[in-house]
Amino acid sequence: MVPIKKSPARSTRASAQPQLHPGSLVSVRELTPQRTRAILQLADKLEAEETLKRARRLLKRRVALLFYESSTRTRTSFELAAKSMSADTTLVSALSSSIEKGESLKDTGITLRALGAECIILRSPYSGAPYLLAQSTGLPVLNAGDGMHEHPSQALLDLRTMLRFLGIKSAKLNEKSLKGVTVTICGDIFHSRVARSNALLLPKLGARVVLCGPTPLLPDLATTLGPGVSIERNFDSSLKQSQIVMMLRIQAERLAGLSLDLDEYRSNYQANGERIAAHAPKALVMHPGPIIRGMEITSEVADGPQSAIAEQVSHGLAIRRALLLQALSPQPISGKRA
Amino acid sequence: MKPILIRGGHLIDPATGIDAPHDILLEDGKVAAIDKPGKIKRKDAEILDASGLVVAPGLVDIHVHLREPGQGYKETIASGTAAAAAGGFTSVCCMPNTIPVNDSPEITRWMLAPERNAVIRVFPISAATVGSMGEKLTNYPALKKSGAVGVSDDGKPILGDEIMFECLKAATRYRLPVIQHTEDTRLTAGCSMNAGPVAFRLGLRGMTVESESSLAERDIALVRKVKGAHLHVAHLSSKKALDAVNAARNEGLHVTCEVAPHHFVLNEERIGDYDTNAKMNPPLRAESDRAAMIEGILQGRVDCIATDHAPHACHEKEQEFERAPNGITGLETALGLTISVLHKQHGMPLPSLLAMLTHRPAQVLSLTGRGTLAVGSHADVVLFDPNEKWTFRAKDSRSKSKNTPFDGYPMLGRVHTTISEGRIVFQR
Ligand SMILES: [Zn+2]
């Protein structure tokens, strides 16, 4: 054997990619506990604020919503958040625009900027698309879900929901706040941007994340997402350890070739009344939606007393107000970034 | 054409084992004489002072995409060969995935026509099947006669066992190597990078190393059945496939392979936040595979280095990662990267390293008289300073395209002069 000298591949970028606008949020990797706290505090502040005062916050500021995938919850939530602060919003969706004619994301972004957009909220079927948009426009870009990559505003609204349940004040949030808290995320982890954002964010605040699901939907290497993330194939035993359980739907549109026995899936991984009562009678049950009732969760659980599903939606509005205000503020709300 | 006398240089010709100060005389497009410093006298010759420089055979790259016919906005044969000359190359073999696909003697001859203005020698590799569709073999004897040096459906690997078997048999009959891009594309649909933790975090579907090694193994199994067949595995990127190739070699089969500089210099982490200039196929692999490529090269288990130079226009790379085309340019960075990583970091002697870029690739595709400075061979020469540190700038590239992950990258070893068949085609 020839001795091989250790020479790390020079994976560092020789030519630095342009910096994103500091008001952007593409990945929760950009979030430190401090910045997370600042966003949550701002959300609290805006929620408590007198309606008329809040309505002057983004008066006549222009926000574009660029949606390449259909979305009810996220789009409406961002739109209402912007309107509650009197921003002007423009919705550009794949079916009603020159996107259809093959215009590139870069050109669409440049066009929106030329039309006066000051911030773009992007939903794309392609992982990483918000980086491209942010780099080619220089505008703050809020990632409203990109492919299988991330959905950071969802992770923040989930966090707000959890903190309320646990009785932790936003102002107290730091890297140890969620110590001792175990969150199970169960279902189609592989295709889920919500799972990635949550699994990357929660351990930064001290939580333990247990991922649960069958191997085709949850490859072993999911634990490499970071410290604090582990896998438990047995749903019952992961429920037993958890204060919070987040159910995900199976993304049939992304399954591409995977064969899955759905009956078996239901019997092993469905959140139903019996299972929750037996193994997690006090846990908070969450779901980012859309729900497929009778598949990953039964109506009994989704509509039951432990369910936070509707609450999650309302926290979404608060979080997105904060993200928009931060994106459109002259200075980032919290000066420190990772 | 005036004779050229290169004096004062350190001559390295791996094919003949010369590694010493020598002068060299080029005349009528051939190497006319090699001798001790000061021995060769020619009054009518143009003198090149090579002091402080290595004088080596012009480099040979058996895997490039020159994009003509059909995609002249990415590269032309003229611009691609100019980039090659700037990188010290004097022979390049171009892949047939042009538009239309180079599956006919007419297109092969069109590529070789003087009107293409190639500044160095181009050797077309023709499609192994019509339109590279993997169904019907092209006309091997006619293609060979028109100048093809091998057959390949690069980028569209031949998956069918039957057609691959037929291809190997026919190619063997006409003494053509079969060059396979070993990727079982049935396993890589929708994938845009290497499978592993980075792909998982980025939410990108990943290509496993098994998708590469399994097709290599299938091909090797077929080579076993065709006496005298020569299989060349293009841009090999994984330890698994490298082991398969070497096991075949140990069995006595004629199986060779090439590795591209990016696969021994970079790993998958280089993709960072979806940098499309780090997207190619095969993809940048895990660090362990990168290390295995270096180890394989140092141990002589890799036949040669080839760039897989794959130019794409800026607007094509400025797309979402999954939509951007595969490939990076490589002709102008190959030597600087190879010297800096294999020689400087890993202590590979210059002659062994140059062998991987000269006579060994020439041997793989039987390019006679190329990749060596033996008297009588083609006067293809490169003069470079092995100690010069420099920084590659994509904007200065002679290629029409700038899609490289090595923009601003430190290089060691810089080309000063490139001579193709006795003509100076690049000088800095
Ligand atoms: Zn290829």
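Remarks
- Cα gyration tensor shape of the range B:2-155, rounded if a/c is under 1.5, else prolate or oblate by comparing a/b with b/c: prolate
- Antiparallel %, DSSP beta bridges [both residues in the range B:58-364], to 5: 5
- About its Cα centre, the dipole of the protein assembly as shown is roughly 2040 debye, where the only charges are +1 on Lys and Arg Cβ and -1 on Asp and Glu Cβ.
- Taken about its Cα centre, chain A carries a charge dipole of about 1600 debye when Lys and Arg each add +1 at the Cβ and Asp and Glu each add -1 at the Cβ.
- Once C-alpha pairs closer than 8 Å and six or more residues apart are averaged by separation and normalised to the residue number of the range B:58-364, the relative contact order reads 17 percent.
- A 1.4 Å probe run over the protein chains yields, for the range B:1-75, 41 Å² of accessible area per residue, whole-number rounding.
- Eligible aspartates and glutamates near B:Lys144 by straight Cα distance, threshold 13 Å, same-chain separation 8 or greater: B:Asp103, B:Glu106
- For chain A, the per residue solvent-accessible surface stands at 41 Å², with DNA, RNA and ligands left out and a 1.4 Å probe.
- With all protein chains in place and ligands, DNA and RNA left out, the 1.4 Å accessible area ranks B:Asp28, B:Asp275 as B:Asp28, B:Asp275, largest first.
- Alpha-carbon Rg with Dmax, taken over the range B:58-364, Å: 17.9, 50
- Amide H contacts for A:Leu142 (H built 1.01 Å from N in the peptide plane; partners 5 or more residues away or on another chain; cut-off under 5 Å): A:Leu25, A:Ile120, A:Ile121, A:Leu122.
- Shown here for the range B:191-291: trypsin sites (Lys or Arg not before Pro) in loop regions (DSSP other than H, G, I, E, B) with at most 15 other Cβ atoms within 10 Å, namely B:Lys227.
- Here the protein assembly as shown yields Rg over Rh of 1.05, to two decimals, using C-alpha coordinates and the Kirkwood radius.
- Compared with the dominant Cα axis of chain B, that is its longest principal axis, helix B:239-250 is turned about 70°.
- By the rule of a second cysteine Cβ within less than 4.7 angstrom, chain A holds isolated cysteines at A:Cys119.
- Farthest toward positive dipole pole in chain A [+1 Lys/Arg, -1 Asp/Glu at C-beta], among A:Val181, A:Gln270, A:Ala195: A:Val181
- Considering only A:Leu115, B:Pro141, B:Ala50, the residue lying farthest towards the positive end of the dipole of the protein assembly as shown is A:Leu115, judged by Cα position with unit charges set on Cβ.
- Net charge dipole size for the range B:58-364 [Lys, Arg +1 and Asp, Glu -1 on Cβ; Debye, nearest 20]: 820
- Portion, in percent, of the accessible area of chain A that falls on carbon or sulfur, probe 1.4 Å: 54
- Each part reduced to its alpha carbon centroid, the range B:302-320 and the range B:155-209 end up 17 Å apart.
- Rounded to 5, the percent of DSSP beta bridges in the protein assembly as shown classed as antiparallel: 35
- Mean separation of Cα contacts under 8 Å, 6 or more apart, over the residue count of chain A: relative contact order %: 22
- Residues of type lysines that A:Lys282 reaches as a straight line, Cα spacing below 25 Å, ignoring anything fewer than 8 places off in the same chain: A:Lys169, A:Lys172, A:Lys176, A:Lys179, A:Lys204, A:Lys240
- Where B meets A: accessible area buried, both sides, 1.4 Å probe, Å²: 3400
- Using a simple spin-label model with pseudo-atoms 7 Å out from Cα toward Cβ, B:Glu287 and B:Val375 lie 5.2 nm apart.
- Selection from B:Leu176, B:His263, B:Thr98, by position along the positive dipole direction of the range B:58-364 (Cβ): B:Leu176
- Once the Cβ-Cβ distance of B:Lys395 and A:Ala114 is raised to the sixth power relative to R0 = 30 Å, the FRET efficiency obtained is 0.65.
- Per residue of peptide B:202-209, the mean number of Cβ atoms on other chains within 10 Å of the residue Cβ is 5.
- Going from the chain on its own to the full set of protein chains, the range A:221-241 has these residues losing 10 Å² or more of accessible surface (heavy atoms, 1.4 Å probe, no ligands, DNA or RNA): A:Leu221, A:Ala222, A:Thr224, A:Leu225.
- Label zone at B:His315, where the point sits 7 Å out along the Cα-to-Cβ direction: the range A:136-158 residues whose backbone N lies under 19 Å: A:136-137
- Cα-only radius of gyration and Dmax that characterise the range B:297-406, units Å: 16.2, 52
- If R0 equals 56 Å, the separation of the Cβ atoms of B:Arg175 and A:Gln251 corresponds to a calculated FRET efficiency of about 0.60.
- Share of carbon and sulfur in the accessible heavy-atom surface of the range B:157-259 [1.4 Å probe, %]: 52
- Label-to-label distance, nm, for residues given as B:Lys136 and A:Leu80 (7 Å Cα→Cβ offset): 6.2
- Burial of 20 Å² or greater, the range A:133-152 residues [accessible area, probe 1.4 Å, versus chain by itself]: A:Met148, A:His149
- The alpha-carbon of B:Lys344 sits under 20 angstrom from the alpha-carbons of these lysines, leaving out residues fewer than 8 places away in its chain: A:Lys5, A:Lys6, B:Lys389.
- Modelled spin-label separation between A:Ser230 and A:Thr72, with each label point placed 7 Å from Cα along the Cα-to-Cβ direction: 3.8 nm.
The values are calculated or read from the model by the stated rules, or taken from the named source; none is laboratory data. Quick caveat, the model's predicted, so the values are computed rather than measured. Don't worry about glycine lacking a Cβ; one is built from the backbone with ideal geometry, like all the others, and counts go over all protein chains shown. Calculation scope for accessible area: heavy atoms of the full protein, side chains included, ligands and nucleic acids excluded. Shrake-Rupley method; radii C 1.70, N 1.55, O 1.52, S 1.80 Å.
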